Structures are given as C-alpha cells and as structure tokens.
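Just so it is clear, none of the values below were taken in a lab; they were calculated from the coordinates. Values in this document were obtained by computation on a predicted structure and should not be read as measured data. Here the Cβ is made from the backbone with ideal geometry for all residues, glycine too, and neighbour counts use every protein chain on show.
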Amino acid sequence: MEHEGFTMKHIYCFGDSITYGEWDEQGGWVQRLRSAADQAYTAGRDDKTLVYNLGVPGDTAEDMLLRIDAEMTARFDLAIPAQIIFAVGMNDAHYMTAEKKYFCEAHAFEANIGKLLGIARKYSKKIAFVGLNPIDQRKVDPLPWNAAKAYHSDRVKLFNAIIEKVAGEENLFFADIWKAWVQIDYRALLFDGLHPNASGHRRIAERISAFLTTSADAKKEHA
C-alpha cells in the first residue's frame, strides 16, 4: 500500500514467552526482527514494516485461538501486505507433576494448529511456523520456579515434529530450530534450560529472516 511515497507491510508474531522475548536484553527474536526492519527502512533498502509482537507468556495453542481474531482485527488493514508467524507448542508440551500426565494430547495439539492456520488464512497467505528449541531436561524437570510443571525432551521433540508435519503438509515455511541446535552445544543458547538466552534469540531471528525476505507466498525451510 502506498502511504505518501512509501510502501508498507505488516508482520504479526503470535507466540508465548519466548516470542515475547524473555531473557534477552535486546527484547527477543521478534524485537530483533523489528530492529532489522527499521534499519533496512531508514537506510532505504526496504519498505516500511510494522512488526507486532503478539507473544503472551504462558500461552498455548488454545489460548491463541481465543485471541487471534481480536488481535488481527485490531491491527489488520486489507490494503497492507501481511505476514503471520506462529511460535507455539512449548506450553502445550509440559507435564503436570501433580496430575502425572501431559497437559495436551498430541492429536489435540495438531488439531489446534490446524485451526490456527485456518483463521490465519483469512488475513494472509504468507504464514510461517517456528519450531521448538531443544531443552535441558536436567534443569526443567520440574521447573525450579513452578514445581507443578515439568518438561521432557522427548515430548518437546514430538510436538516440534507435529508442527513440522503440519507446515510440510501445507507447504509453509518452517524455521527448524531443533535440528540446527542439536548439532551444536545448544545448552549454551539457553538461559534457564527452557528459554533461549540472547544468543539463542539471535539465532532464531536469523532463521526466520529468510521467511521475511523471500518473495514467494509460502516456503518451507530445509535446515
């Protein structure tokens, strides 16, 4: 859309505390994307881009389903190209220590991912999913700050595979964090065994940047 001599685009990033940017002094991977977009615009290399951080700590896929339409309606402009990024699944994957069962069944999580995608397509054809990062189970089984929750590496890996499966079936861009990180000492990229630190957020932003710069409507990343 033309706005007094310049074009504009919107990027909507839905997620949880990792999307929100906890434990990164530069604001997390979303803020890093915004900073890069602002620098590109002020240098005359790209369009004006509004990057919306719609990360809510603790959010599950079901939580996002309850708010996605309201979040989009408040910001969406049909005349402005939109890109939507989902980073969801970590909270869905947790183990409830008192109940001795997982919070969300795998089939329910996959169904909710599909529902999110269906809603997102009302607003944009350019949609991406960010995969889950590996965890240090020794530090988060249970969580030191919330003993009612625990995280198991196998469960997080399973939910990451579900996200990858849906993205692949729908021919969407998938930023595969898991496969890239397990090839290195990924524990050095974690702040508390679960959330990425500043270096981890930087790496996530770098992997997602390919989605934002591609000219195709949808693309799956092969790490």
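Distance distribution P(r), the stretch 64-151, all Cα-Cα pairs, bin width 5 angstrom from 0: 3, 12, 19, 19, 14, 13, 10, 7, 3, 1 percent.
Extension gain, Leu78-Arg45: 0.36 nm per intervening residue step, less the Cα-Cα distance, totals 9.5 nm.
Exposure proxy shown here: for Tyr102, Tyr20, Tyr41, the number of other Cβ atoms within 10 Å sets the order, fewest to most, as Tyr41, Tyr102, Tyr20. Sites listed here are GluC sites (Glu not before Pro) in the stretch 1-89 whose DSSP assignment is loop and whose Cβ has at most 11 other Cβ atoms within 10 Å: Glu4, Glu25.
Placing +1 on the Cβ of every Lys and Arg and -1 on the Cβ of every Asp and Glu, with nothing else charged, gives the stretch 2-213 a dipole about its Cα centre of roughly 280 debye.
Shape of the stretch 1-96 from its Cα gyration tensor (a ≥ b ≥ c, root eigenvalues): rounded if a/c is under 1.5, otherwise prolate when a/b > b/c, or oblate? Taking the square roots of the gyration eigenvalues as a ≥ b ≥ c, the stretch 1-96 is oblate. Packing, taken as the mean count of other beta carbons within 10 Å per residue, orders the peptides 199-207, 43-51, 73-81, 110-118 from highest to lowest as 199-207, 110-118, 43-51, 73-81.
In the chain, which helices (entire DSSP H runs) extend 30 Å or more along their own long axis, judged by Cα positions, while averaging at least 1.6 on the Kyte-Doolittle scale? Kindly include the intermediate steps, with their values, before the conclusion.
Details: long enough: none.
None clear 30 Å together with a mean of 1.6.
Rounded to the nearest whole angstrom, the semi-axes of the ellipsoid equivalent to the chain, taken from the Cα gyration tensor as √(5λ), stand at 29, 19, 15, largest first. Taken along the Cα-to-beta-carbon direction at a fixed 7 Å, the label points for Asp141 and Ile119 span 3.3 nm.
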